Amino acid sequence: MQKLYKIILSIIFVLCICYIGNSQNIFYVSTTGSNSNDGTSLGQPWKTIQYAMDNATANSIVNITTGTYNEKVEVNVSGSVNNTIVFKNYGNDMVTISGAGINNPEAVIGIIDQSYITIQGLYITDNEQLDAQGIVVEGNCQNIEIRNNDISKINFSSNASAPVNSSTNSQPIIVYGTDGNNAITNLVIADNIVHNSRTGFSEGLAINGNVNGFEVTNNIVRDITNIGIDIIGHEGTANTNDQAHNGIIKGNTVYNCKSPYATAGGIYVDGGKDLLIENNRVYQCQWGIEIGCENVGKTTSGIKVRNNFIYGNDDAGIAIGGYDYPSNSGKVVDCEIRNNSCYNNDTNDAGVGGVTGEINITYTENCVLENNIFYATNTADIVLFVEDVNSINLALNYNQFYIVGSAEFEYEGTVYSIFSSYQNGASQDANSIFSNPEFKDISVADHHLTSSSPGLDAGNPAFMADIGETDIDGDNRVINSRVDIGADEYSMTTSAHIITSSLDISIYPNPFADKVIIDGDFDNYQIKILNNAGAIITNYTGTSSPLTIDLSALGAGLYFILIQNTVHTKASLCKILKQ
């Protein structure tokens, strides 16, 4: 009996030690605090975020309370496995970290050679200088998460009219995998808003160099003066393994990312490999989604682009290939472009990119384009452009093309004005169709299929969805026995489809606990709150921006906010998450 008693005491002792070892530390930061406090309570908070980033311990949460913190900070601590350090806003507090008036360092928040760090729920702004950065992750870093932040006004100059050249750069979010032997791994960049930044020759959100295993999901990237999202390789960022790879770019909304001096992509891959780009909405950029390789002698490979809505861009909805291979660019190989819906791209034939068509293909090897919709409206009547560069094993099939009036298919130097002539002459798209896809409502950019769409069950009959693959809305990719053409798999069930148009809307905080604020481009509009099944819960009429809505009575879960004018010519439908 005494032996059993000792065993029980030993077990209790071990459990207590484990509990103590895994207990989470909570710290607080306040503009009215003091760095001489212990930081462990709201009554004794630290004063500066930098002090917290110097002193937080593994397995801790640093709650930053309401206010503007005029600091540029660097994380000088690391967590460990199952012991992440989280720097976040306290509750639903509005926390601004402003770099105004501070020249050095370049970044508002720097994470260099640190691991197991989360940055969450912060407003990062007002950094105007050459090489300005919002958040930078660099070096040997693992398990970094950047979530639910709002990043804006990261400008290469405080002068809005400053001239732009290759030396003028700023980066709202930039990740540099500089260590060739130790990749940045388990990187998550999710649910952020990156906007209103003059980035010069740089991008809104970029991942560059030896980064192996990452997610860029559910972000809004808008109003950037160059590329929106860029995944990069072969720039000498790392001495070996210099390609961002094994990444997912999913569920992002990218719009109004345009450069006055180049053709900027909403989502661009330049030298990356083994990437999945799916379920995104890209509109009002220049290129929609571009897969290229700028560096001579290098390769972009293994990219899948699927189930995206791409519309209203100045140049082609999808561009793929080495733009001047082999003399002045690398090449693109082993890529898939399938089940995307492209509409009304190549809208600016007088722009930087000229006339590009709905789909633009330069030099590729072993690339497949199938089950896509290409609905062109450009004034030059170009639906498809394939450059005369002798691409190897290029395969197009089971696509749906359409344009009202005259059509032009330019394939390797030959122009075809009749679809069947193109099929026969190019020996491509043998099972593709030329017909109106019958989108649900193009006036509000609703590119879902209707019950009479010719693209229903018309995709490749041998198609099998990958594990976890869905259509643009998260529905099953194949509902009947054969996949539909385009990003949407038609279903008779009612669902809350995500609709985005020219409205400029911000909804915060998101996720939320009780109230949400809706701010943006609306006046005297209808606003509806819908549940996950698309049923209307609450209906407001005649509302104007900004609007605060109390949703504390709702249960935890996913909801939607639909904002539309009275004639339903403009609309925006956005996801919100109740905690």
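The values are calculated or read from the model by the stated rules, or taken from the named source; none is laboratory data. The shown structure was predicted, so the numbers you read here are calculated from the model rather than taken from an experiment. We place every Cβ from the backbone using ideal geometry, glycine too, and count neighbours over all the protein chains shown. In case anyone asks, the SASA skips ligands and DNA or RNA and just uses the protein heavy atoms, side chains included. Shrake-Rupley method; radii C 1.70, N 1.55, O 1.52, S 1.80 Å.
For the reader, a short list of remarks on this structure follows.
- Two-site FRET efficiency, GLN44 against ALA556, from Cβ-Cβ distance with R₀ of 41 Å, rounded to 0.05: 0.80
- Sequence of SER158, SER41 when ordered by accessible area, the most exposed leading, probe 1.4 angstrom: SER158, SER41
- For segment 354-394, alpha-carbon Rg over 2.2 N^0.38 Å: 1.24
- When a 1.4 Å probe is rolled over the protein heavy atoms, the share of accessible surface on the chain that falls to carbon and sulfur comes to 48 percent.
- Only alpha carbons enter this Debye calculation for segment 442-497, each as an equal point scatterer, and the log10 of I(q)/I(0) it gives at q = 0.20, 0.25, 0.28, 0.31 Å⁻¹ is -0.71, -1.07, -1.30, -1.48.
- Links that overshoot a 29 Å alpha carbon limit, given the list LYS250/LYS515; LYS304/LYS440; LYS440/LYS575; LYS153/LYS515; LYS298/LYS575: LYS298/LYS575
- For the chain, the 222 nm mean residue ellipticity estimated from helices alone, with every DSSP H stretch of n ≥ 4 adding -39500 (n - 2.57) and the total spread over all residues, rounds to -2000 deg cm²/dmol.
- By average C-beta atoms within 10 angstrom, highest first, the peptides 45-55, 283-293, 333-343, 403-413: 283-293, 333-343, 45-55, 403-413
- Computed log₁₀ I(q)/I(0) - Debye formula, equal Cα scatterers, no solvent, segment 130-184, q 0.29 Å⁻¹: -1.12
- Overall Cα dimensions of the chain, principal axis frame, Å, largest first: 86, 67, 55
- Area of THR40 that stays accessible when all protein chains are in place (1.4 Å probe, Å², to 10): 70 Å²
- Solvent accessible area, Å² - PHE385, 1.4 Å probe, full protein context: 50 Å²
- Sorting 190-202, 86-98 by average packing, meaning the other beta carbons within 10 Å per residue, from highest down gives 190-202, 86-98.
- Ordered from highest to lowest accessible area with the whole protein assembly present and a 1.4 Å probe, LYS72, LYS331, LYS250 read as LYS250, LYS331, LYS72.
- The distance linking segment 295-342 with segment 508-562 is 37 Å (Cα centroid to Cα centroid, whole angstrom).
- Surface analysis of segment 60-214 yields an accessible area of 33 Å² per residue, using protein heavy atoms and a 1.4 Å probe.
- Angle between the chain longest axis and helix 2-22 axis [Cα atoms, degrees, rounded to 10]: 60 degrees
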